[in-house]
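Step one of this worksheet: look at the structure below.
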Amino acid sequence: MRHSTHDPYETRHSTGFSRLAGGLVGLVVLAMSCSTWAADPPPETLITVKTPNGTLIQAELADTALKRAQGLMFREHLADDRGMLFIFGDAQPWTFWMKNTKIPLDIIWMDAKKTIIHIERHTPICTRQDDGCPQYHSEEGALYVLELGAGRAAALQLQRGVKLSFKQP
């Protein structure tokens, strides 16, 4: 899943060539990072998230604009004990979409106390090539968002008001 706010890496140029060159550089960087992380990420990038019933989820950390923009795009599989944790600098109703995401997800928004404030369950993939994919957000400000494979939130009995625990690096 990709966080869909304005891309700070988007460059506006007056010539078509500059736009094309910038786009090609972006695609190369994205392709390199996707192929590097197609398997498991390096262990130092994982955060352990604990549910109230004691289940541990190893979540990749998305704490930079580039990592948040890439999210779980292009992944073919997400193990039941894996996820991605998005950490933001300020609480907002952060918007997500499923463009280029090949697996359905549960998206879980949490407040500053790591209490669940909203869940989008079984968020379907989006195969559109334009930017017309549906967008998902909470109505309240969230500081953290956790993505899990579709159905995991129900299997783990996660719902609004439940508190998760993890240490922020």
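Quick look at the numbers
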| read-out | value |
| --- | --- |
| Subset of the range 87-106 that is under 27 Å from Q129 (Cβ atoms), in contact with a Leu (Cβ under 8 Å, 6 or more places away or on another chain) and modelled with pLDDT of 95 or more - its residue that is surrounded by the fewest Cβ atoms within 10 Å (Cβ to Cβ) | I103 |
| Failed item in (1) hydrophobic (A, V, I, L, M, F, W, C); (2) surrounded by fewer than 16 Cβ atoms within 10 Å (Cβ to Cβ); (3) modelled with pLDDT of 90 or more, with I47 passing the rest | (2) |
| Residue list for the range 50-66, restricted to those being in a loop (DSSP other than H, G, I, E, B) and surrounded by 15 or more Cβ atoms within 10 Å (Cβ to Cβ) | T51, T55, D63 |
| Checklist (1) farther than 20 Å from R152 by Cβ; (2) at pLDDT 95 or above; (3) not basic (K, R) applied to D63, failing item | (2) |
| Unmet requirement for L72, which otherwise passes all of (1) part of a strand (DSSP E or B); (2) on the phi < 0 side of the Ramachandran plot | (1) |
| Single residue of E10, E76 found to be surrounded by fewer than 20 Cβ atoms within 10 Å (Cβ to Cβ), within 29 Å of Q157 (Cα to Cα), modelled with pLDDT under 95 and out of contact with any Cys (no Cβ under 7 Å at 6 or more places or on another chain) | E76 |
| Which listed residue, of E140, E76, is closer than 25 Å to T55 by Cα and not β-branched (V, I, T) | E76 |
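The values are calculated or read from the model by the stated rules, or taken from the named source; none is laboratory data. Just so it is clear, the model here is predicted, and its values are computed rather than measured. We place every Cβ from the backbone using ideal geometry, glycine too, and count neighbours over all the protein chains shown.
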